[in-house]
Amino acid sequence: MTDTVSARYFDGQTSRLYHVTLGVDGDQAVLAGDIERRCPLAQLHVSERTSHAVRKVSFPDGAYLEIADQAAFNQLLHASGHRDSLVVRLQQSWRATLLALLATVLALFLCYQYLLPLAAKGLAYALPPAVERQLGQGVLELLDDHVFDPSKLATARQDALRTQFARLSIPDGAALEHRILFRKSKIGPNAFALPSGDIVLTDEMVELMPDDQAIMGVLAHELGHLQRRHLTRRIIQTSAVGAGAALLFGDVSTAVAALPPLLLDLKYSRDVEREADDYAIAMLRHNGIALEHLAQVFVALGKLDHGTPYLSSHPASAERVARIRAAQ
Amino acid sequence: MHTDPTPPGIKREAITFSATGSEYFRIWIVNLLLSIVTLGIYSAWAKVRRNRYFYSSTHLAGSSFEYHGNAIAILKGRIAAVVLIAGYNIALQISPFIGLLMFVLMAAILPWLVWKSLQFKLYNTSYRGIRFGFDGSAKQAYKYFLWLPILNAFTGGLMTPFLHQRLKRFQHTESRFGSAHFSFDASVGSFYKTYLLFFAILVAGLVALIVVGFGSVFASFAANANDPSKIGSILLAIGAIYLWMFTVLPLFLTMIQNLIWNHTRLQQHQFASQLTWGRTTFIMLTNLLGIVVTLGLFTPFAHVRWLKYRLEATALLAHGSLDEFVAATGEQVSATGEGMVDLLDFDLSM
């Protein structure tokens, strides 16, 4: 028989408290005091070690012991050959915890940087075009109602631009089905692609461009967004980041949980603009159009905006011009 | 010692919470790492570890609580939750009509899931070796989690205090400790009074802010429209409104929690809750600040701080001995015991 520890026993049937002592005799646990009981050690379940919570030993019938004297109980456990699980040993060691912290940060970074884009890309390309077309359905109607007026450009001019772009060949296999639309806008020069395959160009954008080759550059950039499935990938990524942040911080505050998705989305959108620029570079080069035309697009746009590159959705224009010129 | 059954009168038994932020930090970070590495699967086991730690650190009258949740059941609930939420979001992206269908489906399933997880949570909590339980029926769950909220939506939210009272009454009267039932006697009127008081303070503060703060902003606007500092002062005014919201929301939380627990009993034993507005606001604001400044590392400390305050503000006014509760009778145990196999825990928090 080993040394004993004092414990509080509850029988699992009533809330009555029994004061007992717990000892170990061979492979049996022995209770003495307000109640006498013996039970094989193998049938008992010992709660995990922590420094601030009481330890519990439960019996197969729902009865259990509460032990406040941690040191004495640990000795008893040690003597009877009980060993903490790996997770408990990790949780109780500061050194292991710090390593776990580093590993967590690394894992989060790797997931975000490599795993998530890869998964989103795979998923986006696997989606049948019909499903993708459904995404963002109705967006154009909404914009037409609130932001856009019908284009003031002559139909002949519109068709000329469409034909010119249709004649360009695609750098990577087949182009997804797309449609070029012109609109007069209340928000100034703009061009964007919708997952429905609509590429919208505002009259103001057409007027801002120095020549038609530059307009081809803009269209190539937007086609790049479509070809690379950017919008679908973005929806997948932001949902995943949002879900992750909600899991990490949602317990404490929804305001805090909304922050990381927002910041990471801004970064994602800058990465995506670069990818579309690269597509436009490849397409112009493929058709023997000088890249300087594309550079002029951003020179013209750069005269309009003064955003900072860190918190804006697009890379700074000067940076993009430099990248395009470097590619020449 | 609380074994003596004789002393008549009331004895105040305060809840104490012995968990510490630094110990929970270690549990949290290991849980987090294993959850990420296993792509979320471990999160069910993480929840069990966290709850075991918190429950075992919660003491009342010298004994602590215990959590018995089974990780596999939690995992099943989580998979169901993820499928539902993801399905709903995807459906909404594909088409508004399919999104609406999914919404109706969710509305039909959610009360059942909430009901199951109420049962799960209580059945898997014990104190002095006796399990808690929840007797409410699925029919009632649909009434309180679906029909009344729909009715409330049609009345423009005017029924919210009534709905809140009915919900809490349902939860608290159908909960039991062993075979002893809880009871709840806060009136609908007291809920309306609390909501009205909260709105009065909220609106009074907003009006004061607008008159004092925005008055000066607009004055400077009118005087010098090109002043670059005007954006600064507008941001300041918006910041002041946010700060007021963060100050006044804890007020609602304290009033409601005090109201609910000061009207809850376990047989003849009355609960008492004494949260204060100032302390609650202070803890919530500093927690938020701490989490943002440390990029999330303060989260476990914030969690423990808030739990400790909330739990320790609650006490049980014991009317006689706490030794005389008995586990639910054999009949009740087998009746619920069978149902326990298909229990789910519908909750995504780590």
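Laboratory data are not the source of any read-out in this text; all were calculated from the coordinates shown. Predicted, not measured: the structure shown is a model, and the values here were computed from it. Because the Cβ atoms are built from the backbone with ideal geometry, glycine has one as well, and the counts that use them run over all protein chains shown.
Remarks
- Region B:1-152 shape via C-alpha gyration tensor axes, a/c threshold 1.5: oblate
- Counting 0.36 nm for each residue step from A:Q43 to A:S169 and taking away their Cα separation leaves a gain of 37.9 nm.
- Within region A:156-253, DSSP assigns beta bridges of which about 40% are antiparallel (rounded to the nearest 5).
- The mean sequence distance of close C-alpha pairs (under 8 Å, at least 6 residues apart), as a share of the length of region B:1-151, puts its relative contact order at 18 percent.
- Across all C-alpha atoms in region A:1-61, the radius of gyration and Dmax reach 11.6, 30 Å.
- Under 14 Å from a label point set 7 Å out along the Cα-to-Cβ vector of A:R157, the amide N atoms of region A:163-204 belong to A:182-185, A:201-204.
- log₁₀ of I(q)/I(0) at q = 0.15, 0.20 Å⁻¹ - region A:1-145, Debye sum with one point per alpha carbon: -0.83, -1.18
- Region B:261-322 - Rg and Dmax from Cα coordinates, angstrom: 15.5, 49
- When region A:168-252 is reduced to its Cα atoms, the Kirkwood hydrodynamic radius in Å: 14.9
- D (Stokes-Einstein, µm²/s), Kirkwood Cα radius, region B:83-215, 0.890 mPa s at 25 °C: 137
- Applying 1/(1 + (r/R0)^6) with R0 = 35 Å to the Cβ-Cβ distance of A:Q134 and B:H181 gives a FRET efficiency near 0.10.
- Highest-fluctuation residue, A:A240, A:A32, A:A282 considered, GNM on chain A with Cα pairs under 10 Å: A:A32
- In nm, spacing of pseudo-spin labels at A:F109 and A:A71 (7 Å Cα→C-beta vector): 4.2
- Gaussian network model of chain A, Cα within-10 Å springs - most flexible of A:L301, A:L201, A:L76: A:L76
- Under the Debye formula (equal points on every Cα, no solvent term), log10 I(q)/I(0) of chain A at q = 0.13 Å⁻¹: -1.01
- The GNM of chain A, with springs linking C-alpha atoms under 10 angstrom apart, assigns the highest mean-square fluctuation among A:I187, A:I199, A:I35 to A:I35.
- Between A:K267 and A:A119, the contour length at 0.36 nm per residue exceeds the Cα-Cα span by 51.5 nm.
- Approximating the spin labels as points 7 Å out from Cα along Cα→Cβ, the A:H286-to-B:L317 distance works out to 8.0 nm.
- With 20 Å bins from 0: P(r) over the protein assembly as shown, alpha-carbon pairs, percent: 14, 39, 31, 14, 3, 0
- Separation in nanometres of the label points that stand 7 Å from Cα toward Cβ, at A:D212 and B:I10: 9.0
- Cα-derived Rg over Rh, computed across region A:41-122 with Rh taken as Kirkwood radius: 1.22
- Gain upon complete extension [A:A318, A:S85; 0.36 nm per residue less C-alpha separation]: 78.2 nm
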